[in-house]
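Quick notes on the structure that follows.
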Amino acid sequence: MSADERRLAVIDMGSNTFRLVVFRYRPGGSFQLVDEIRDVVRLSGGAGPEGLSAEAIERASHTTRLYAAFCRAAGVDDVAAVATSAVRDAANAADALDALSAGGALQVRTLSAEEEAWYGYLGAVNSSTLGDGHVLDLGGGSVQISQVVGRKLGRTLSRPLGAVRMTERFLPRQRPSRADLKALRKHVARELDDVPWLERSGGRMVGIGGTIRTLAAMHQRRVRYALDEIHGYLLGRDGLEELVDAMAELPARDRGRLPGLKQDRADITLAGAVVIATALEHLGVEGIEICAQGLREGIFYERFLAPAEPPLIGDVRRQSVLNLVDIYRCERTHAERVTELALAVYDELARLGIQPLEHPERELLWAAGMLHDAGVMVDYNDHHRHGYYLVLNAGLPGFRHRELALVALLVRSHRKALASPSPLESVLDRDDPDRLTRLAACLRVAEQLERGRAGGIREVRMEAPDGTVRLAVRAEGDPSVALWSAALEAPAFERAFARRLELAVDEG
């Protein structure tokens with residue numbers, strides 16, 4: 001770890017699962033999740049009027065002592081430990097907090113419902129383009145729904161509708177009846193009926209929490225989705241109801257056989273799915289966008305973005321790309337020069353009417369240009385292939401899955417053979433193969449113009465006489481290597497634009 005790097009461990013003592021995550025970051029620079037430990041504690045399991053059960057507290061104490069020992073062994077001295085609704089609502093909260101402190105090694109903060117919603121909102125808004133809509137966070141003990149207006153947090157609510165609580169109250173049997181499921185839906189609807197700002201509000205809904213991530217993984221397996229990426233996945237109400245039906249047909253002990261459903265969540269995910277489906281119906285929302293970040297990331301962002309208030313990333317899409325540029329140790333100056341040239345080629349072709357000017361695809365070209373050498377971190381040989389894998393699997397928060405696929409394919413196509421879009425065609429639009437070919441041609445020409453990494457090409461200008469595109473460059477120094485290299489991309493250029501490519505020096 002370099003001298004300016006810091007590490008923060010966040011311990012989230014949820015009603016169902018305890019998680020310890022470690023973030024490595026540089027203030028004002030990049031950040032990365034570098035470790036995670038997960039343990040299903042079921043802290044709220046068996047809770048009653050007298051509070052949390054002694055057995056649950058004992059399980060939790062064992063886990064937190066292990067987490068504290070991990071932080072000591074790993075040398076992580078910045079630890080944020082928080083408890084949520086299970087402790088917040090417990091009659092014996094003081095006893096529980098004493099047990100959770102791991103003998104005083106952890107300073108545990110019990111979050112209020114408003115704080116829990118705040119941190120969930122920060123995690124969601126800083127990893128998506130959500131400007132107006134809602135954030136739904138379903139945990140083991142409660143559900144939070146937060147209104148977002150102009151990227152700012154609006155009204156919030158918290159209700160004791162968590163997956164563990166609803167399972168124990170309404171679906172305790174191995175195989176629940178239709179009446180059991182109907183009773184749960186009615187209960188959730190009643191809990192939400194007294195919130196006028198929610199009813200039929202519509203708009204965009206982002207979902208966070210372990211249950212919604214599990215449901216997304218299940219649905220992806222069910223439809224054989226092309227990407228192994230949860231963040232940004234859109235789960236429709238119809239798909240959610242299909243999962244409810246599939247789980248309800250099986251006894252709880254057998255649901256773990258359903259693809260994507262972990263055995264330790266098999267008994268509570270059905271109730272969670274019913275709560276989410278009922279909430280979506282109440283709001284008049286047709287689907288939910290899965291966010292892989294949440295409360296833990298929100299706590300991190302508060303540290304990382306300090307002293308900004310509120311701690312919001314200004315441009316999530318741009319930050320996502322630049323974060324990977326830093327993590328993958330891309331040569332920033334070279335990446336910026338290649339990207340600048342690729343955009344100049346793109347803009348000139350649009351000026352000549354050879355292709356349309358579309359700002360969304362121009363942004364994809366920018367992202368691919370900045371990340372085109374990400375694979376060099378693995379090995380220079382076949383670094384275009386390595387880069388494709390790294391970008392596709394790291395993800396780009398704020399980008400739709402279709403856009404992520406296109407950026408990864410462009411990275412793959414910046415040298416050697418053009419990538420085939422067929423493995424990802426199910427997430428692409430019909431005209432994306434043509435878009436890929438055009439953008440790849442711009443990126444390939446730009447890469448060769450910067451072949452010597454000297455930054456000698458200062459400007460490009462195009463003319464289009466008689467079925468030919470004449471690309472003239474203004475340069476400092478001798479541009480012969482750059483022109484020779486760029487000429488090697490003439491076949492890719494002709495394939496994309498059905499015009500021959502000629503290169504020259506702009507004598508003007």
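The values are calculated or read from the model by the stated rules, or taken from the named source; none is laboratory data. Predicted model, so just to flag it, every value in this text is computed and none were measured. Every residue, glycine among them, receives a Cβ derived from its backbone with ideal geometry; neighbour counts consider all protein chains shown. Protein only, heavy atoms only, side chains kept; ligands, DNA and RNA dropped before computing areas. Shrake-Rupley method; radii C 1.70, N 1.55, O 1.52, S 1.80 Å.
Out of the residues in the stretch 263-314 that are basic (Lys, Arg) and in contact with a strand residue (DSSP E or B) (Cβ under 7 Å, 6 or more places away or on another chain), state the one that is farthest from Ser15 (Cα to Cα). Please lay out each step first, then the result.
Filtering the stretch 263-314 for residues basic (Lys, Arg) gives 265, 296, 303.
Filter once more, so that each one left must be in contact with a strand residue (DSSP E or B) (Cβ under 7 Å, 6 or more places away or on another chain): 296, 303.
On the way: Arg296: 14, Arg303: 24 Å.
The qualifying residue farthest from Ser15 (Cα to Cα) is Arg303.
To keep it simple, each residue is scored yes or no on (1) touching a residue at least 12 places away in the same chain (Cβ under 8 Å); (2) open to solvent by less than 10 Å² (accessible area, probe 1.4 Å); (3) hydroxyl-bearing (Ser, Thr, Tyr); (4) in contact with a His (Cβ under 8 Å, 6 or more places away or on another chain).
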| site | (1), (2), (3), (4) |
| --- | --- |
| Leu122 | yes, yes, no, no |
| Thr129 | yes, no, yes, no |
| Lys182 | no, no, no, no |
| Arg190 | no, no, no, no |
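Just checking, which of Ala99, Ala86 is open to solvent by less than 30 Å² (accessible area, probe 1.4 Å) and either of a type in the set (Phe, Trp, Tyr) or within 31 Å of the chain's Cα centre (by Cα) (or both)? Show your work before the answer.
Working: Ala99 fails: either of a type in the set (Phe, Trp, Tyr) or within 31 Å of the chain's Cα centre (by Cα) (or both).
Every option except Ala86 fails the conditions.
Could you pull out the residue among Gly456, Gly452, Gly467 that is of a type in the set (Gly, Ala, Ser), modelled with pLDDT under 95, farther than 30 Å from Gln293 by Cα and touching a Pro at 6+ places or on another chain (Cβ under 8 Å)? Outline the logic, then answer.
Working: Gly452 fails: touching a Pro at 6+ places or on another chain (Cβ under 8 Å); Gly467 fails: touching a Pro at 6+ places or on another chain (Cβ under 8 Å).
Testing whether each residue is of a type in the set (Gly, Ala, Ser), modelled with pLDDT under 95, farther than 30 Å from Gln293 by Cα and touching a Pro at 6+ places or on another chain (Cβ under 8 Å) leaves just Gly456.
Looking only at the stretch 1-44, which residues are of a type in the set (Lys, Arg) and within 30 Å of Ala266 (Cβ to Cβ)?
Within the stretch 1-44, the first condition is being of a type in the set (Lys, Arg), and the residues that meet it are 6-7, 19, 24, 26, 38, 42.
Passing the criteria: Arg19, Arg38, Arg42.
Quickly run through the stretch 229-242 and pick out the residues that are more than 24 Å from Leu424 (Cα to Cα) and of a type in the set (A, V, I, L, M).
Result: no residue meets the conditions.
Do we have Tyr380 as within 25 Å of His231 (Cα to Cα) and free of Cβ contacts under 8 Å to residues at least 40 places away in the same chain here? Write out each step before concluding.
On the way: within 25 Å of His231 (Cα to Cα): no; free of Cβ contacts under 8 Å to residues at least 40 places away in the same chain: yes.
Taking the combined requirement at face value, the residue does not satisfy it.
What number of residues in the stretch 334-354 are closer than 16 Å to Phe497 by Cβ and either open to solvent by less than 10 Å² (accessible area, probe 1.4 Å) or of a type in the set (D, E, K, R) (or both)?
At the first step, the residues of the stretch 334-354 found to be closer than 16 Å to Phe497 by Cβ are 342, 344-354.
Now restrict to residues that are either open to solvent by less than 10 Å² (accessible area, probe 1.4 Å) or of a type in the set (D, E, K, R) (or both): 342, 345-349, 351.
Number satisfying all stated conditions: 7.
Quick one: Glu331 ticks every box in (1) surrounded by 14 or more Cβ atoms within 10 Å (Cβ to Cβ); (2) under 22 Å from Ser30 (Cβ atoms) except a single one, so which number is it?
Going through (1) surrounded by 14 or more Cβ atoms within 10 Å (Cβ to Cβ); (2) under 22 Å from Ser30 (Cβ atoms) one by one, Glu331 breaks only (1).
Name every residue in the stretch 240-266 that is closer than 16 Å to Met205 by Cβ and open to solvent by 10 Å² or more (accessible area, probe 1.4 Å), in order of residue number. Give the steps one after another, and end with the answer.
Pass one, the stretch 240-266, residues closer than 16 Å to Met205 by Cβ: 240-241.
Matches in the stretch 240-266: Glu241 only.
Is it the case that some residue within the stretch 233-240 is of a type in the set (A, V, I, L, M), assigned to a strand (DSSP E or B), under 21 Å from the mean Cα position of the chain (by Cα) and within 29 Å of Val316 (Cα to Cα)? Steps first, answer last, please.
In the first step, residues of the stretch 233-240 are kept if they are of a type in the set (A, V, I, L, M); the result is 234-235, 240.
Add one more test, that the residue is assigned to a strand (DSSP E or B), and what stays is 234-235.
Of the ones still in play, those that are also under 21 Å from the mean Cα position of the chain (by Cα) are 234-235.
Filter once more, keeping what is within 29 Å of Val316 (Cα to Cα): 234-235.
Within the stretch 233-240, one or more residues are of a type in the set (A, V, I, L, M), assigned to a strand (DSSP E or B), under 21 Å from the mean Cα position of the chain (by Cα) and within 29 Å of Val316 (Cα to Cα).
Does Tyr225 qualify as being open to solvent by less than 60 Å² (accessible area, probe 1.4 Å) and of a type in the set (Phe, Trp, Tyr)? Outline the logic, then answer.
Working: open to solvent by less than 60 Å² (accessible area, probe 1.4 Å): no; of a type in the set (Phe, Trp, Tyr): yes.
Taking the combined requirement at face value, the residue does not satisfy it.
Any residue in the stretch 411-438 that's in contact (Cβ under 8 Å) with a residue 12 or more places away in the chain: show its pairings with residues that are open to solvent by 30 Å² or more (accessible area, probe 1.4 Å) and among the aliphatic types (A, V, I, L, M) at Cβ separation under 8 Å, as long as the two are six or more apart or on different chains.
As it stands, the answer is Pro423/Ala226; Leu424/Ala226; Glu425/Ala226; Ser426/Ala226; Val427/Ala226; Leu436/Leu418; Thr437/Leu418, since those pairs meet every condition given.
Identify the residue in the stretch 267-298 that is open to solvent by less than 20 Å² (accessible area, probe 1.4 Å) and touching an Asp or Glu at 6+ places or on another chain (Cβ under 8 Å) and, among all such residues, is nearest to Glu229 (Cα to Cα).
The qualifying residue nearest to Glu229 (Cα to Cα) is Gly294.
Please work out if Gly395 is touching a residue at least 24 places away in the same chain (Cβ under 8 Å), open to solvent by less than 20 Å² (accessible area, probe 1.4 Å), within 22 Å of Leu343 (Cα to Cα) and under 22 Å from the mean Cα position of the chain (by Cα). Even if it seems obvious, please write down each step before you answer.
On the way: touching a residue at least 24 places away in the same chain (Cβ under 8 Å): yes; open to solvent by less than 20 Å² (accessible area, probe 1.4 Å): yes; within 22 Å of Leu343 (Cα to Cα): no; under 22 Å from the mean Cα position of the chain (by Cα): yes.
Criteria not met by Gly395.
Please determine whether any residue of the stretch 447-461 is under 17 Å from Ala335 (Cβ atoms), aliphatic (A, V, I, L, M) and touching a helix residue (DSSP H, G or I) at 6+ places or on another chain (Cβ under 8 Å).
Initially, the stretch 447-461 is screened for residues under 17 Å from Ala335 (Cβ atoms), giving 447-457.
Now restrict to residues that are aliphatic (A, V, I, L, M): 449, 454, 457.
Narrowing further to those that are touching a helix residue (DSSP H, G or I) at 6+ places or on another chain (Cβ under 8 Å): 449, 457.
Within the stretch 447-461 (the criterion being under 17 Å from Ala335 (Cβ atoms), aliphatic (A, V, I, L, M) and touching a helix residue (DSSP H, G or I) at 6+ places or on another chain (Cβ under 8 Å)), the answer is yes, since at least one residue qualifies.
From the residues in the stretch 299-335 that are outside any loop (DSSP other than H, G, I, E, B) and more than 17 Å from the chain's Cα centre (by Cα), which one is nearest to Leu364 (Cα to Cα)? Please lay out each step first, then the result.
Filtering the stretch 299-335 down to residues outside any loop (DSSP other than H, G, I, E, B) leaves 299-304, 316-327, 332-335.
Now restrict to residues that are more than 17 Å from the chain's Cα centre (by Cα): 302-304, 326, 332-335.
Numbers: Glu302: 29, Arg303: 30, Phe304: 27, Asp326: 18, Arg332: 17, Thr333: 19, His334: 18, Ala335: 14 Å.
Checked the stretch 299-335; the qualifying residue nearest to Leu364 (Cα to Cα) is Ala335.
Out of the residues in the stretch 31-56 meeting the condition of being assigned to a loop (DSSP other than H, G, I, E, B) and out of contact with any strand residue (DSSP E or B) (no Cβ under 9 Å at 6 or more places or on another chain), tell me which one is most open to solvent (accessible area, probe 1.4 Å). Walk me through how you get there before you give the answer.
Looking only at the stretch 31-56, we keep the residues that are assigned to a loop (DSSP other than H, G, I, E, B), and these are 41-47, 49-50, 52-53.
Then drop every residue that is not out of contact with any strand residue (DSSP E or B) (no Cβ under 9 Å at 6 or more places or on another chain), which leaves 44-47, 49-50, 52-53.
Values: Ser44: 7, Gly45: 14, Gly46: 53, Ala47: 52, Pro49: 132, Glu50: 164, Leu52: 13, Ser53: 25 Å².
By that ranking, first place goes to Glu50.
Within the stretch 371-392, which residues are of a type in the set (A, V, I, L, M), open to solvent by 10 Å² or more (accessible area, probe 1.4 Å) and assigned to a helix (DSSP H, G or I)? Show your work before the answer.
Keep residues of the stretch 371-392 that are of a type in the set (A, V, I, L, M), which gives 371, 374, 376-378, 390-392.
Imposing the further condition that a residue be open to solvent by 10 Å² or more (accessible area, probe 1.4 Å) reduces the set to 376-378, 390, 392.
Within the stretch 371-392, Val376, Met377, Leu390, Leu392 qualify.
Taking the stretch 2-15 as the search range and keeping residues that are in contact with a strand residue (DSSP E or B) (Cβ under 7 Å, 6 or more places away or on another chain) and farther than 16 Å from Leu111 by Cα, which one is surrounded by the most Cβ atoms within 10 Å (Cβ to Cβ)?
Ala9
Considering only the stretch 131-141, state which residues are surrounded by fewer than 24 Cβ atoms within 10 Å (Cβ to Cβ) and either at pLDDT below 95 or not charged (D, E, K, R) (or both).
Gly131, Gly133
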